[in-house]
Amino acid sequence: MKLKLCFDCDDTLYDLSWPFRMSASHLFADGQLDPIDMERFYLDYRKAGDEIFDQIQTGKISIDESGRHRIKTVCSRYGIPVDDAFADEFQKMYRDYQKNIAMDPQLVDFFQETDADLAILTNGDHGHQYAKLSTLGVFDYFHPSHVFTSGKIGYAKPDPRAFTEVMDTLNENAMDWYYIGDSYGNDMEGAKNVGMKTIHFNRHHGPEGEAADYVVYSEKQLIELLKELSA
């Protein structure tokens, strides 16, 4: 049977920490972050965004407002004083770096060569996610009708209805598909609850668990696994 792969976007098709790290390296004073574990700092930044995701999904706060909230919240937790002007500048720089995100060449090579059926299910505002996907060049390999955002379909992972909506629209059986994502809770548990097979791309070494059929930590490991599964 042909391999059937549904991907998350952020921190799966590209390293979401890159625009964050670049912005932080430019805006924080020399030595200000030296005592801090940058990986943990980044994960807490993501967590601050997850805490308000429902407000973003329903349009109660904008993408830029959520970005300012994230950096102010995480800095407060680490005892780093920042004001509104700094938060605005950080968000502006973060958005600028987002315009230059790219997939790892190993993923590009895989998509160019594979005959697998491909789809994407990503949480987030439809326009914002589509802009990122366009920057990544995914529409060279994924048909637009196979790309789904929570903002468009009305359900967000880990809600089983998000995954079911994708499978129903594609007229596919969830049990035939692999879902590849970085979040254990949103991606692995969500996909497993509708019967999908799961690949946890845990590039930032977050929580893991039994809902993941496979766990990989790099693009290299992911591509090797996908080639094994397609053999």
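Values computed for the structure shown
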quantity: Alpha carbon convex hull of the stretch 17-98, volume per residue in cubic angstrom; calculated: 85 Å³
quantity: ³J(HN,Hα) computed for each position of the stretch 106-118 - Karplus, 6.51 cos²θ - 1.76 cosθ + 1.60, integer Hz, glycine/proline x; calculated: 5, 5, 4, 4, 4, 5, 5, 9, 6, 10, 5, 6, 10
quantity: Spin-label model distance (nm) - ASN100 vs ASP64, 7 Å beyond Cα toward Cβ; calculated: 2.1 nm
quantity: For the stretch 43-66 and the stretch 70-99, distance of Cα centres in Å; calculated: 13 Å
quantity: Cα-based helix-to-principal-axis angle, 126-136 vs the chain, degrees rounded to 10; calculated: 80 degrees
quantity: Candidates LEU170, LEU16, LEU133: whichever shows maximal mean-square fluctuation once the chain is modelled as a Gaussian network with Cα springs under 10 Å; calculated: LEU170
quantity: Angle in degrees between helix 84-98 and the longest Cα principal axis of the chain, rounded to the nearest 10; calculated: 30 degrees
quantity: Prolate/oblate/rounded label for the stretch 161-231 (Cα gyration tensor, a/c 1.5); calculated: oblate
quantity: Sites ALA85 and HIS126 - FRET efficiency at Förster radius 41 Å, r taken between beta-carbons, to 0.05; calculated: 0.85
quantity: Rough spin-label spacing in nm, given labels placed 7 Å along Cα→Cβ, for GLU172 and SER218; calculated: 2.8 nm
quantity: Centre separation in Å (Cα based) which lies between the stretch 130-176 and the stretch 199-218; calculated: 20 Å
quantity: Listed peptides 118-131, 141-154 by packing density, highest first (mean Cβ within 10 Å); calculated: 118-131, 141-154
quantity: Cross-link table LYS92/LYS132; LYS2/LYS197; LYS2/LYS227; LYS4/LYS47; LYS99/LYS220; LYS4/LYS192, entries beyond 19 Å C-alpha to C-alpha; calculated: LYS4/LYS47; LYS99/LYS220
quantity: Folded to 0 to 90 degrees: helix 17-27 orientation relative to the chain principal axis, Cα; calculated: 10 degrees
quantity: 222 nm mean residue ellipticity, helices alone, for the chain (DSSP H n ≥ 4; -39,500 (n - 2.57); rounded to 500); calculated: -13500 deg cm²/dmol
quantity: Label-point separation, GLN112 to GLU39 (7 Å along Cα→Cβ), nm; calculated: 3.1 nm
quantity: The stretch 93-231: C-alpha gyration tensor shape, a/c 1.5 cut-off, then a/b vs b/c; calculated: rounded
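Read the figures in this text as sums done on the coordinates, not as results from a lab. What you are looking at is a predicted structure, and each value in this text was computed from that prediction instead of being measured. Reconstructed Cβ throughout: ideal geometry from the backbone, glycine too, with neighbour counts over all protein chains shown.
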